[in-house]
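Trainee: The structure follows.
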Amino acid sequence: MQQNKTLSISVLSGKGGVGKSNIALNLGYCMFRGGFPLLLMDCDLGLANLDVLLGIAPENNMQNLLDSDMDARDIAVHIEPGGFDFLPAASGVPELVEMDAELRAMLFRKLTPLFSRYDYLFMDLGAGITPTVLAFAAMTHVRLVVVTPEPTSLTDSYALMKVLSTQHGVKDFYVIVNQAEDKKEEDITFRRLAAACDRFLGFTPTLLGGIRLDKMVPESVRRQKPLLKLAPTSPAAQDLFALAVKLQRLHGTMGQRIAAGPFLTDVAGNFE
Ligand SMILES: Nc1ncnc2c1ncn2[C@@H]1O[C@H](COP(=O)(O)OP(=O)(O)OP(=O)(O)O)[C@@H](O)[C@H]1O
Ligand SMILES: [Mg+2]
């Protein structure tokens with residue numbers, strides 16, 4: 001087993017369009033600014049989005065890793081000098097949206113040597129409960145479930161956690177409430193979700209924190225520039241900084257366990 005220092009974090013949601021990609025990108029940016037080398041991986045494999053949010057057109061993507069003998073280091077794009085790197089996904093490739101276990105294992109065998117170069121691996125997942133999403137989410141040390149105050153987002157996130165706990169035995173989740181108008185709405189949203197989990201699933205997720213509804217987020221999408229660069233003092237950017245601090249603390253408390261374990265955990269132990 002390789003010695004590890006990399007904390008793997010997946011960003012997931014039941015419902016689509018709740019803010020996962022923006023959160024993965026900007027939280028990643030905060031961690032990098034805090035001095036931690038970070039790899040941001042677009043795990044929405046056949047429907048890439050992060051390249052658009054970054055305003056870049058990568059020459060290669062993870063499909064090239066599967067189709068050729070390219071090295072993962074040749075695919076990674078340097079977003080910022082000093083250790084903020086990005087692994088692009090492909091766009092409009094349906095085979096990648098639903099990878100089988102063998103293809104997944106092949107991809108991660110090629111990627112694992114790259115992971116050890118970073119303190120954090122952020123995986124931006126596609127929405128929903130597809131086998132690929134579930135497998136990727138189950139592999140990571142930390143799962144960030146993004147939920148908005150909309151009832152459909154709540155029910156879909158509950159369903160996602162239910163499937164992950166029943167099919168993969170995963171019961172630890174951190175919740176980010178995105179797009180709440182204020183603290184009160186954030187609290188109500190989290191409490192609804194936590195109460196349902198507690199009552200029907202037998203575990204309670206942990207609230208990592210909230211990100212306020214902020215018009216600068218869609219503006220940063222339109223301008224294809226990370227919010228943290230475009231408007232670092234905006235309310236949502238401030239909330240993202242606060243979440244990054246909490247994640248760094250979490251990394252500190254999880255440090256020993258991570259150092260002793262594999263980069264990614266897999267039921268079959270494929271990725272050690
Ligand atoms: N805090 C926020 N305030 C206002 N708008 C937001 C906020 N967070 C996200 N959005 C908006 O929500 C939309 C969806 O965001 P994003 O693409 O990050 O979601 P996603 O969960 O990754 O979507 P998908 O499931 O399609 O991958 C974007 O237009 C973005 O501007
Ligand atoms: Mg997305």
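The values are calculated or read from the model by the stated rules, or taken from the named source; none is laboratory data. Remember, predicted model here, so these are calculated numbers, not experimental data. Cβ atoms come from the backbone with ideal geometry, glycine included; neighbour counts cover every protein chain shown. To get the accessible areas, we keep the full protein, side chains included, count just its heavy atoms, and leave off ligands, DNA and RNA. Shrake-Rupley method; radii C 1.70, N 1.55, O 1.52, S 1.80 Å.
Trainee: Counting helices only, and only those DSSP H runs with n ≥ 4, report the 222 nm mean residue ellipticity of the chain as the sum of -39,500 (n - 2.57) divided by its residues, in deg cm²/dmol to the nearest 500. Each step should come with its number before you reach the end.
Mentor: On the way: 12 runs with 130 residues, N = 272.
Roughly -14500 deg cm²/dmol at 222 nm, from the helical runs in the chain.
Trainee: Which order do the peptides 16-24, 85-93 come out in when sorted by mean C-beta neighbours inside 10 angstrom, highest first? List each step's numbers first, then the result.
Mentor: On the way: 16-24: 21.7, 85-93: 19.9.
Descending mean neighbour count gives 16-24, 85-93.
Trainee: I've got another one for you. Quick check: from the Cα gyration tensor, does the chain come out rounded (a/c under 1.5), prolate or oblate?
Mentor: Details: a/c = 1.44, a/b = 1.17, b/c = 1.23.
Here the chain falls in the rounded category.
Trainee: Quick check: from the Cα gyration tensor, does region 26-80 come out rounded (a/c under 1.5), prolate or oblate?
Mentor: On the way: a/c = 2.25, a/b = 1.58, b/c = 1.43.
Taking the square roots of the gyration eigenvalues as a ≥ b ≥ c, region 26-80 is prolate.
Trainee: Something else: Compare the Cα positions of A76, L25, L134 along the charge dipole of the chain (+1 at Cβ of Lys, Arg; -1 at Cβ of Asp, Glu; about the Cα centre) and return the one farthest towards the positive end.
Mentor: With unit charges placed on the Cβ atoms, the residue in question is L25.
Trainee: Highest mean first, how do 200-208, 187-195 rank when packing is the count of other Cβ atoms within 10 Å averaged over residues?
Mentor: Details: 200-208: 14.9, 187-195: 17.2.
Those peptides, ordered most packed to least, come out 187-195, 200-208.
Trainee: Kindly rank 169-182, 103-116 from highest to lowest mean number of other beta carbons found within 10 Å of each residue.
Mentor: On the way: 169-182: 18.8, 103-116: 17.2.
The most tightly packed comes first, giving 169-182, 103-116.
Trainee: Okay, moving on. State the answer as a single residue: which of M123, L227, G46 lies farthest towards the positive end of the charge dipole of region 18-255, with beta carbon charges of +1 for Lys and Arg and -1 for Asp and Glu, about the Cα centre.
Mentor: L227
Trainee: Using the Kyte-Doolittle scale, find the helices of the chain whose mean hydropathy is at least -0.5 and whose Cα atoms extend 24 Å or more along the helix's long axis, counting only whole DSSP H runs. Walk me through the numbers before you get to the answer.
Mentor: Numbers: long enough: 151-168 (25 Å, -0.12); 183-200 (26 Å, -0.79); 235-260 (38 Å, 0.24).
Those that clear 24 Å and a mean of -0.5 are 151-168, 235-260.
Trainee: A further question follows. Given a 1.4 Å probe, how much area per residue of region 133-225 is accessible, in Å²?
Mentor: Each residue of region 133-225 exposes 48 Å² on average to a 1.4 Å probe.
Trainee: Give the carbon-plus-sulfur fraction of the accessible surface of the chain in %, rounded to a whole number; probe 1.4 Å, heavy atoms of protein chains only. Spell out each step's value before the answer.
Mentor: Working: 6170 of 11880 Å².
Ligands and nucleic acids excluded, carbon and sulfur reach 52 percent.
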